[in-house]
Amino acid sequence: MPENRPRIIRSVRLPQPVEDRITASFDAPPVPTSPLSTDEVFRLAEETKAEGLLVTHHAAIRGADVERIPKSVRIVATVSVGLDHLDVKAILDRGIAVTNTPDVLTDCNADLAMMLIIAASRRVKAYTEIIRNGWGHTLAMDELLGVRVSGKTLGIIGMGRIGQAVAKRAKGFDMKVLYHNRRRLDPLDEHGATWFGNLSDMLPQCQILTLHLPGNPESDSIINAKTLSLLPKGAVFVNAARGILVDEDALLDALNSGHLFGAGLDVCRNEPDPAPRLLAEPNVFMTPHVGSATIETRTAMGMLALDNVVAEVAGKPLLTPVKA
Ligand code: DGY
């Protein structure tokens, strides 16, 4: 084998173009058939003296795991924008680089958030059930009506790259867009949205609310009984960010009482085993954490992670380094 083939372990199978590049230019064990656990990633890295670990949230490296990262490892390249499965500071403190895959997944995540907004507002779950059961009767004019999306007031919590991409899309739906962020953005990045420094001031105006902020102890349960009660009756709630952001019992209570019209969720607390009540709720439209799951985006994410490994091994600047 030529010596300049970086040695990597990937915790999941990646799209075919990425796998082809790995075969052509990297030394790596065979494609995992199912996601590898952290222990399996470390074991293989130890055996193969891997320099790079390509991981996703299936193979978290937190707390005591960090000390167990094999000595050969120079970079942890997560194939995600989210970092909640990594103890970034501790990994960096060990002298191991960390990279993620921002930007390349922004559009797809924003597209998915729009899909959830529309699906939850327009009762896609109920209609899909009817079709699955053979349709069979003409719906009455007032039967199973959804709520209109166009022209509504949309609140965005977290106006990073993805939040901004959602704001841009919402303009195409003639929505009035509000956002809550710790600090106000440069007007050019606001895309016509109005900033609220205080979440409680924004919520009563949000007919639709969507979350685009990282999941961490600070944002844990930012959506709870109190914040939900501030939304207007009949609001639609969307979360394509992280499950930890939501108190799910409070969400279900708000749906059952009719305070919320519906919810669209790509994430939940106990992935991949959502609370049965969430699955059973007719007004919850769920997808299985697939914000970035398009051929183009997952390929770009895998390629970017590999580019970062190549850069690290060659002693060149990383493309998307994560700082502590
Ligand atoms: C991300 O990139 O953070 C996605 O949510 C996958 O975890």
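The values are calculated or read from the model by the stated rules, or taken from the named source; none is laboratory data. Treat the numbers as computed from the prediction; the structure is a model and nothing was measured. FYI the Cβ positions are ideal-geometry reconstructions off the backbone, even for glycines, and counts take in every protein chain you see. These accessible areas exclude ligands, DNA and RNA; they are computed on the full protein's heavy atoms, side chains included. Shrake-Rupley method; radii C 1.70, N 1.55, O 1.52, S 1.80 Å.
I'd like the distance separating the alpha-carbon centroids of segment 45-60 and segment 165-202, in whole Å. Here the answer is 38 Å between Cα centres. Cα centroids of segment 12-36 and segment 129-154: 43 Å apart.
Using a Förster distance of 25 Å, how high is the FRET efficiency between Leu188 and Arg148, based on the Cβ-Cβ distance and rounded to 0.05? Efficiency for this residue pair is about 0.25. Carbon-plus-sulfur accessible fraction, the chain (probe radius 1.4 Å, protein heavy atoms only): 55%. Computed extension length for Ile295-Trp135: 54.4 nm, one decimal, from 0.36 nm per residue of separation with the Cα-Cα distance subtracted. Here the Karplus curve 6.51 cos²θ - 1.76 cosθ + 1.60, taken at θ = phi - 60°, turns the phi angles of segment 305-321 into couplings of 4, 5, 4, 5, 5, 4, 4, 4, 5, 8, x, 9, x, 6, 6, 9, x Hz, with x standing for Gly and Pro.
Pairs Lys171/Lys226; Lys171/Lys323; Lys176/Lys233; Lys152/Lys233; Lys49/Lys316: which are spaced more than 23 Å apart, C-alpha to C-alpha? Display every interim value, and only then the final one.
Details: Lys171/Lys226 29 Å; Lys171/Lys323 33 Å; Lys176/Lys233 18 Å; Lys152/Lys233 14 Å; Lys49/Lys316 21 Å.
Over 23 Å Cα-Cα: Lys171/Lys226; Lys171/Lys323.
Rounded, prolate or oblate: which fits segment 1-53, taking a ≥ b ≥ c as square roots of the Cα gyration tensor eigenvalues, rounded meaning a/c under 1.5, else prolate when a/b beats b/c? Write down the numbers at each step before the final one.
Values: a/c = 2.56, a/b = 1.13, b/c = 2.26.
Judged from the Cα gyration tensor, segment 1-53 comes out oblate (a/c at least 1.5, b/c at or above a/b).
Give me the extension gain from Leu319 to Asn198: residue separation times 0.36 nm, minus the current Cα-Cα distance, reported in nm with one decimal. Numbers along the way, then the final one.
On the way: separation 121, 0.36 × 121 = 43.56 nm, distance 3.47 nm.
Extending this stretch completely gives an extra 40.1 nm.
Helix content alone sets the calculated 222 nm mean residue ellipticity of the chain: runs of n ≥ 4 DSSP H residues at -39500 (n - 2.57) each, divided across all residues, give -10000 deg cm²/dmol.
Apply 1/(1 + (r/R0)^6) to the Cβ-Cβ distance of Arg62 and Glu218, taking R0 = 22 Å, and write down the FRET efficiency to the nearest 0.05. About 0.85, to the nearest 0.05. Contact order, relative form, for segment 16-69: 34 percent (alpha carbon pairs under 8 Å, 6 or more residues apart, mean separation divided by residue count).
Residues of the chain: accessible area per residue at 1.4 Å, in Å²? Walk me through the intermediate numbers first.
On the way: 15620 Å² over 324 residues.
With all protein chains present, the chain gives 48 Å² per residue.
With contacts taken as Cα pairs under 8 Å at a separation of at least 6 residues, the chain carries a relative contact order of 18 percent.
Close amide H partners of Trp195, meaning residues 5 or more places away or on another chain with modelled amide H under 5 Å apart, are Tyr179. The relative contact order of segment 159-274, computed from alpha carbon pairs under 8 Å that lie at least 6 residues apart in sequence, is 21 percent.
Each of the peptides 157-166, 139-148 was scored by the mean count of other Cβ atoms within 10 Å over its residues; in descending order, highest first, they stand as 157-166, 139-148.
Remark on Thr153: its backbone amide H falls under 5 Å from those of Lys176, Gln207, Ile208, a criterion applied only to residues 5 or more positions apart or on other chains, H modelled at 1.01 Å from N. Determine the shape class of segment 23-102: with a ≥ b ≥ c the square roots of the Cα gyration tensor eigenvalues, call it rounded for a/c under 1.5, and otherwise prolate if a/b is greater than b/c, oblate otherwise. Rounded.
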